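Please read the structure below before turning to the comments.
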Amino acid sequence: MVFNKIKAFLECVDLKSIPEDRKMRLQSLIDHLKSQMPHAEIINLNFICTHNSRRSHLSQVWAQVMAYHFQYNKIQCYSGGTEATAIFPMVINTLENTGFVINKLSEGTNPIYAIKYAPNQLPIIGFSKAFDHSFNPISQFTAVMTCSEANEACPVITGTENRISLTYEDPKLFDDTSLQEEKYLERSTQIATELYYVFSNLR
């Protein structure tokens, strides 16, 4: 079971908040996962944005939580960018405030974090990297594009079995404003809600 605070967060997910046109976009990911379930030993999802600093990490983390929560053990989640930068600190703060236990494993310009969501599960290792970094699968994965810039900058992603566009507005727009904390939580909640919808519709 996930940590209690995350469990309480999931219990408050409002699937009715997802617009119908957005559900149509989510359906492509649902259909792909359903098609893979009967025969794939492992299903790899690589969430990709430009800098692998915000949206792709939130998507990776919440997708892995949902896979665990709904007991889809063969689904493994990764993230990457068209270039590497660093996880933006407000992403870490937002996840911690939602109930994740996070330890910084290294300092420097691109810190590495252990992001734990359940007492008896290995943590997600989070750091910024290119989508084709050796930490990620090099073949037999689905590329989920979480920003339009990355989608346009990557006409070809070598090794992918499928490519799905699931873009989100960048909370970076509110950095260094009074709305920063609110908007990062809003984006994290949107991503969590939509991925809850995806994984709850796989059966």
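The values are calculated or read from the model by the stated rules, or taken from the named source; none is laboratory data. Note that this is a predicted model, so its numbers are computed, not measured. For neighbour counting, all protein chains shown are included, and Cβ atoms are generated from backbone atoms with ideal geometry for every residue, glycine included. Surface accessibility is based on the protein's heavy atoms, side chains included, excluding ligands, DNA and RNA. Shrake-Rupley method; radii C 1.70, N 1.55, O 1.52, S 1.80 Å.
Close contacts from the stretch 1-23, counting a first residue that is farther than 17 Å from LYS116 by Cβ and a second that is polar (S, T, N, Q), with Cβ to Cβ under 7 Å and a gap of 6+ residues or different chains, come to VAL13/THR193; ASP14/THR193; LEU15/THR193; SER17/THR193; ILE18/THR193.
If you filter the stretch 123-132 down to residues that are part of a loop (DSSP other than H, G, I, E, B) and surrounded by fewer than 18 Cβ atoms within 10 Å (Cβ to Cβ), you find that the one that is nearest to the chain's Cα centre (by Cα) is PRO123. Within the stretch 58-79, the presence of a residue that is assigned to a loop (DSSP other than H, G, I, E, B), within 21 Å of ASN103 (Cβ to Cβ) and out of contact with any strand residue (DSSP E or B) (no Cβ under 8 Å at 6 or more places or on another chain) is excluded.
The residue of the stretch 13-65 that is most open to solvent (accessible area, probe 1.4 Å), among those that are within 13 Å of GLU194 (Cα to Cα) and over 18 Å from the mean Cα position of the chain (by Cα), is LYS16.
Looking at (1) of a type in the set (Ser, Thr, Tyr); (2) in contact with a helix residue (DSSP H, G or I) (Cβ under 9 Å, 6 or more places away or on another chain); (3) surrounded by fewer than 19 Cβ atoms within 10 Å (Cβ to Cβ); (4) without any contact (Cβ under 8 Å) to a residue 40 or more places away in the chain, find the lone condition where SER165 falls short. Failed condition: (4).
The number of residues in the stretch 69-114 that are small (Gly, Ala, Ser) and in contact (Cβ under 8 Å) with a residue 60 or more places away in the chain comes to 2. Of the candidates ASN97, ASN103, ASN73, ASN120, the single residue that is open to solvent by 50 Å² or more (accessible area, probe 1.4 Å), under 18 Å from PRO137 (Cα atoms) and not small (Gly, Ala, Ser) is ASN73.
Scanning the stretch 108-117 for residues that are more than 24 Å from THR50 (Cβ to Cβ) and open to solvent by 20 Å² or more (accessible area, probe 1.4 Å) yields a single hit, LYS116.
Would you mind finding the one in LEU195, LEU185 that is in contact (Cβ under 8 Å) with a residue 12 or more places away in the chain, assigned to a helix (DSSP H, G or I), open to solvent by 10 Å² or more (accessible area, probe 1.4 Å) and touching a helix residue (DSSP H, G or I) at 6+ places or on another chain (Cβ under 7 Å)?
Being in contact (Cβ under 8 Å) with a residue 12 or more places away in the chain, assigned to a helix (DSSP H, G or I), open to solvent by 10 Å² or more (accessible area, probe 1.4 Å) and touching a helix residue (DSSP H, G or I) at 6+ places or on another chain (Cβ under 7 Å) holds for just one of LEU195, LEU185, which is LEU185.
Candidates are the residues of the stretch 79-94 that are of a type in the set (S, T, N, Q) and modelled with pLDDT of 95 or more; the one that is surrounded by the most Cβ atoms within 10 Å (Cβ to Cβ) is SER79.
All conditions but one from (1) of a type in the set (Lys, Arg); (2) under 25 Å from LEU26 (Cβ atoms); (3) at pLDDT 95 or above apply to LYS129; the one that does not is (2).
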